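Quick note: the coordinates plus some simple rules give every number you see, no bench work behind them. From a predicted model like this one, the values you see are computed outputs, not experimental measurements. Positions of Cβ are backbone-derived with ideal geometry, glycine not excepted, and every protein chain shown enters the neighbour counts.
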Amino acid sequence: MEIITDLILINCAEELKSLDENSIDLIVTSPPYADQRDNFYGGIHPDKYVEWFLPITSELLRVLKPTGTFILNIKERVLRTRNSKLQIIAVNDCCHGIDNKPDKGDYFKYCRQHFLGLISGNENLYIDVIEPFSHKAKDKTKEFLKSCSQIINKFTQEFSENFCDNGIINWKNLVAFNSSNKN
């Protein structure tokens, strides 16, 4: 299975209109929380939040493929307290562990494989795609560390041969080498 990934990092309020309709497979967004971080985000009063965010969601829906996934990172109280007809399911993702009772009343807690299955619609995504990457990364790390050790050993050997006398740095040779004209 070939996976092609293009990450597009944009300020969606400004740039969504430039994207083609039905062109995006996954949208992950974390808009400013209502009345939070006023100095940084400008703050949006909770009573105005849905009114502010709905035009953006219209554009998100326009660019999202019919089979796409939309993930919204937001405090659920902002939308739950409104008279919105949006169906909101609050989900807490954790990176590790197992929780056999994900329904926490006000939210769901899904761990690793179950969360990825929820957002992708593929219960085997973690096993088929994510987990093999971790093994490949470990293999590449081992290869890198082996290569790195070889380079360090070679450098140490050459440095010792050229700039040391009986394990003591010969500063005269080292300074002369660094000061020479190496064309």
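Subtracting the Cα-Cα distance of Ser179 and Ile56 from 0.36 nm times their residue separation leaves 38.2 nm of extension gain.
Using 1/(1 + (r/R0)^6) with R0 = 35 angstrom and r between the beta carbons of Lys142 and Glu21, what's the FRET efficiency to the nearest 0.05? Please report the intermediate quantities before stating the final value.
Values: r = 45 Å, r/R0 = 1.29.
Calculated transfer efficiency: 0.20.
Neighbouring Cβ atoms within 10 Å as the yardstick, rank Cys12, Cys164 fewest first. Mind dumping the intermediate values first?
On the way: Cys12 18, Cys164 14.
Going from sparsest to densest Cβ surroundings: Cys164, Cys12.
Measuring r between the beta carbons of Asp6 and Gln150 and using R0 = 41 Å, the FRET efficiency lands at 0.70. Put in line by how crowded their Cβ is, counting other Cβ atoms within 10 Å and starting with the fewest, Glu14, Glu51 read Glu14, Glu51.
In this structure the amide hydrogen of Asn92, modeled in the peptide plane, comes within under 5 Å of the amide hydrogens of Phe108, Lys109, Tyr110, none closer than 5 places in sequence on its chain. Only one residue of Cys164, Ser179, Ser149 has its Cα farthest out toward the positive end of the dipole of the range 136-179, where Lys and Arg carry +1 and Asp and Glu -1 on Cβ, and that residue is Ser149.
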